[in-house]
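S.K.: My questions all concern the structure below.
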Amino acid sequence: MIRRKILITGGTTGIGLALANRLSVRHDVIVTGSRAHEDITEAFSPNLVYVRASQSDPARAVKTIAQQLLKHEWPRLDNVVLNAGVGFAVEDGLDEVAKMRRTLDINVSSTMLIARAMYPWLSKTKGTLTIIGSVAHKGHKRFPSYAASKGALNGLARSLRSEWAGEVAVQVLHPGPVKTGMHEKAGLNPGWVSEFFIRTEPMARMIEYSMSSRRSPITLSWSRYIGGGSITGRRL
Amino acid sequence: MRALVTGGSAGLGRALCDALLDDGFDVISVDREAPSQKTEAKHIACDLSDRMTVDNLLDKLEADEAFDVVIFNAGISATGKFEDIEPEDHLRVFETNASAPMVCCAGLIKAGKIAEEGHIVFVASLSHFTGYPGASSYAASKDALAIYAKSILKPLKNKHKISVTTAFPGPLKTEHAARHAPSEADQERRMQPEEAARLILADMRKRKAKSLPGGTTALLAMAGQLAPKPLTFAMKQIIYKKLDRTVAD
Ligand SMILES: NC(=O)c1ccc[n+]([C@@H]2O[C@H](COP(=O)([O-])OP(=O)(O)OC[C@H]3O[C@@H](n4cnc5c(N)ncnc54)[C@H](OP(=O)(O)O)[C@@H]3O)[C@@H](O)[C@H]2O)c1
């Protein structure tokens, strides 16, 4: 088994952190987030390297990530998982302008620029670029801008997968509802329904198996989970 | 009756302005460039890739009367290998094609500047159904717009009686499209912008959710839904492999 070099954005909590902790047992993982290191409150594997790079400024986030990779002497990457994301719920289909721009900057513009910047790192290993979408990528009246951002990522992955075929495998994964802090931050209280959300650990397993399959697009929802999607599959 | 068209100075936007003028609308066109020909439409200069300028535009429109028709048509592109296109160009494409129309749409409705029973049209692209290797950020921006339109359709209909139509035009015979196509591409098979404008406006009046102007466009959209991967592969053969340069607006 090879020890992989992996970059995961948005790895300070939620799905990204569960994936990072899981993969760091057998691989070298760098994670990013917008908060200060000391503000990471959940179990954060000591094997993980943390880079603070806020994606509300896409150009700066890219620069920071590239510099830190060089500083840690990582000239190549086997996997990049672009997972950082935010969303905001609205009542009547109308987002606030500032939140709209924030959602698009963090979820799309930054993801696009980081994907572009990581091309030389990934092409050296014929690696895999994994973009975390959402089942909302087909449209959602409670999250118009968030849905639009995930629709954009779905389209980006589709075209880029074709462009980079044979060099870097590009894939988009669309998780269904996962039990993380995202819904509360979005201004939505799912209440008892959240008991039916998939937990982060099985979601992280499904993501790992999807990464090793390199297929795209893949929906990671309840039906896959019940079909054994979190227990069967190849590890990275 | 008042209409707002973004990107009304040339191409499909100009054709949309002309058709609306013929129907007796007062037309305001928002474009970074002045109209290329004499027109009755009123021109407001605005670079939609610049957030401050977009905020000023919104302030201006919010101080004015409401519109019966608003068409978000302005779009730019960046073609070439994704990794060869400058980051600023990718960002400019996404700002102009997705962020600006989304922000303007929400802003205008919140300010009550789209009349009840009014119409909104978002001009996305046939690439929503086919993929577009060689213009990945453009494809992403048009998908964002199409999904945004789909997401707000019901809330706007129920609360404001405003209809939302998303247009998915295929290749048009415009200067803009020619700039981005491979040099050897056949220009003759492209649809005239006047024809596309007529079809899109007809679908808008019928309050259709989707407008696929022309038989070939509808056929390709269907093929893209039935067999997404082969179609993107075909797009790669037809466009990406023949791209001989990087072009950004
Ligand atoms: N939870 C779900 O039900 C669900 C469903 C489908 C898809 N997804 C997607 O899965 C991904 C992870 O979601 P999650 O549920 O794990 O969310 P989460 O618990 O809220 O975690 C989000 C992660 O993104 C990072 N992030 C947010 N804003 C950032 C910024 N400006 N710059 C850099 N990093 C930033 C956060 O780091 P900081 O806090 O340090 O900024 C955090 O690590 C997202 O893309 C989300 O859209 C989630």
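The values are calculated or read from the model by the stated rules, or taken from the named source; none is laboratory data. None of the values given here were measured: they were computed from a predicted structure. Every residue, glycine among them, receives a Cβ derived from its backbone with ideal geometry; neighbour counts consider all protein chains shown. SASA here: full protein model, heavy atoms, side chains in, ligands and nucleic acids out. Shrake-Rupley method; radii C 1.70, N 1.55, O 1.52, S 1.80 Å.
S.K.: Residues that are under 15 Å from the mean Cα position of the chain (by Cα): which strands (runs of 3 or more DSSP E) entirely in segment B:1-83 hold 1 or more of them? Give the derivation first.
M.R.: Values: elements: B:2-6, B:26-31, B:42-45, B:67-72.
Because the criterion is at least 1 residues that are under 15 Å from the mean Cα position of the chain (by Cα), the strands (runs of 3 or more DSSP E) in segment B:1-83 that meet it are B:2-6, B:26-31, B:67-72.
S.K.: So which helices (runs of 4 or more DSSP H) stay within segment B:102-205 end to end and still have 2 or more residues that are farther than 27 Å from B:A78 by Cα and touching a Ser or Thr at 6+ places or on another chain (Cβ under 7 Å)?
M.R.: Numbers: elements: B:127-130, B:136-160, B:175-180, B:193-205.
The qualifying helices (runs of 4 or more DSSP H) are B:193-205.
S.K.: Quick check on this structure: which one of B:T216, B:T232 is in contact (Cβ under 8 Å) with a residue 24 or more places away in the chain, over 29 Å from A:Y146 (Cα atoms) and assigned to a helix (DSSP H, G or I)?
M.R.: Numbers: B:T232 fails: over 29 Å from A:Y146 (Cα atoms).
Exactly one residue qualifies, and that residue is B:T216.
S.K.: Of all residues being touching a residue at least 60 places away in the same chain (Cβ under 8 Å) and open to solvent by less than 70 Å² (accessible area, probe 1.4 Å) in segment B:182-208, which is nearest to B:L16 (Cα to Cα)? Just the residue, please.
M.R.: Across segment B:182-208, the extreme among qualifying residues is B:A197.
S.K.: Just to verify a result, which residue in segment A:19-44, among those that are among the small types (G, A, S) and open to solvent by 20 Å² or more (accessible area, probe 1.4 Å), is nearest to the ligand (Cβ to nearest atom)?
M.R.: Taking segment A:19-44 and keeping what is among the small types (G, A, S), we get A:20, A:24, A:33-34, A:36, A:43.
Now restrict to residues that are open to solvent by 20 Å² or more (accessible area, probe 1.4 Å): A:34, A:43.
Details: A:S34: 3, A:A43: 14 Å.
Only one residue fits best here, namely A:S34.
S.K.: Next question. When residues of segment B:218-249 are filtered for being under 21 Å from B:Y148 (Cβ atoms) and open to solvent by less than 60 Å² (accessible area, probe 1.4 Å), how many remain?
M.R.: Looking only at segment B:218-249, we keep the residues that are under 21 Å from B:Y148 (Cβ atoms), and these are B:221, B:224-225, B:228.
Cutting the leftovers down to open to solvent by less than 60 Å² (accessible area, probe 1.4 Å) gives us B:221, B:224, B:228.
Within segment B:218-249, residues that are under 21 Å from B:Y148 (Cβ atoms) and open to solvent by less than 60 Å² (accessible area, probe 1.4 Å) number 3.
S.K.: Mind listing whichever residues of segment B:1-38 are within 18 Å of B:Q192 (Cβ to Cβ) and without any contact (Cβ under 8 Å) to a residue 60 or more places away in the chain? First the steps, then the outcome.
M.R.: Pass one, segment B:1-38, residues within 18 Å of B:Q192 (Cβ to Cβ): B:5, B:7-22, B:36-37.
Once the filter is applied, which keeps residues that are within 18 Å of B:Q192 (Cβ to Cβ) and without any contact (Cβ under 8 Å) to a residue 60 or more places away in the chain, segment B:1-38 yields B:S9, B:C17, B:L21, B:D22, B:S36, B:Q37.
S.K.: Please state which of the following conditions A:E201 fails to meet, knowing it meets all the rest: (1) at pLDDT 95 or above; (2) crowded, with 17+ Cβ neighbours inside 10 Å; (3) outside any strand (DSSP E or B).
M.R.: Result: A:E201 fails condition (2) only.
S.K.: Counting only residues that are without any contact (Cβ under 8 Å) to a residue 40 or more places away in the chain and more than 9 Å from chain B (Cβ to nearest Cβ), give me the helices (runs of 4 or more DSSP H) lying completely in segment A:91-159 with at least 3 of them.
M.R.: Values: elements: A:97-104, A:110-117, A:119-123.
Ranges flagged: none.
S.K.: Which of the residues that make up segment A:71-100 are within 20 Å of A:A115 (Cβ to Cβ), away from the ligand (no atom under 12 Å from the Cβ) and surrounded by 15 or more Cβ atoms within 10 Å (Cβ to Cβ)?
M.R.: Passing the criteria: A:W74, A:L77, A:D78, A:N79, A:V80.
S.K.: Checking A:P217 against (1) free of Cβ contacts under 8 Å to residues at least 12 places away in the same chain; (2) within 14 Å of chain B (Cβ to nearest Cβ), only one condition comes out false. Which one?
M.R.: Evaluating A:P217 over (1) free of Cβ contacts under 8 Å to residues at least 12 places away in the same chain; (2) within 14 Å of chain B (Cβ to nearest Cβ) leaves (1) as the failure.
A quick yes/no check of all residues on (1) within 14 Å of chain A (Cβ to nearest Cβ); (2) under 27 Å from B:E86 (Cβ atoms):
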position	(1), (2)
B:E116	no, no
B:F122	yes, yes
B:S125	yes, yes
B:T130	yes, yes
B:A135	yes, yes
B:A146	yes, yes
B:K161	yes, no
B:T166	yes, no
B:A185	no, yes
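S.K.: Could you say which residue among A:L156, A:L104, A:L122 is more than 16 Å from B:A146 (Cβ to Cβ) and either open to solvent by less than 20 Å² (accessible area, probe 1.4 Å) or in contact with a His (Cβ under 9 Å, 6 or more places away or on another chain) (or both)?
M.R.: Details: A:L156 fails: more than 16 Å from B:A146 (Cβ to Cβ); A:L104 fails: more than 16 Å from B:A146 (Cβ to Cβ).
That would be A:L122, the only listed residue that is more than 16 Å from B:A146 (Cβ to Cβ) and either open to solvent by less than 20 Å² (accessible area, probe 1.4 Å) or in contact with a His (Cβ under 9 Å, 6 or more places away or on another chain) (or both).
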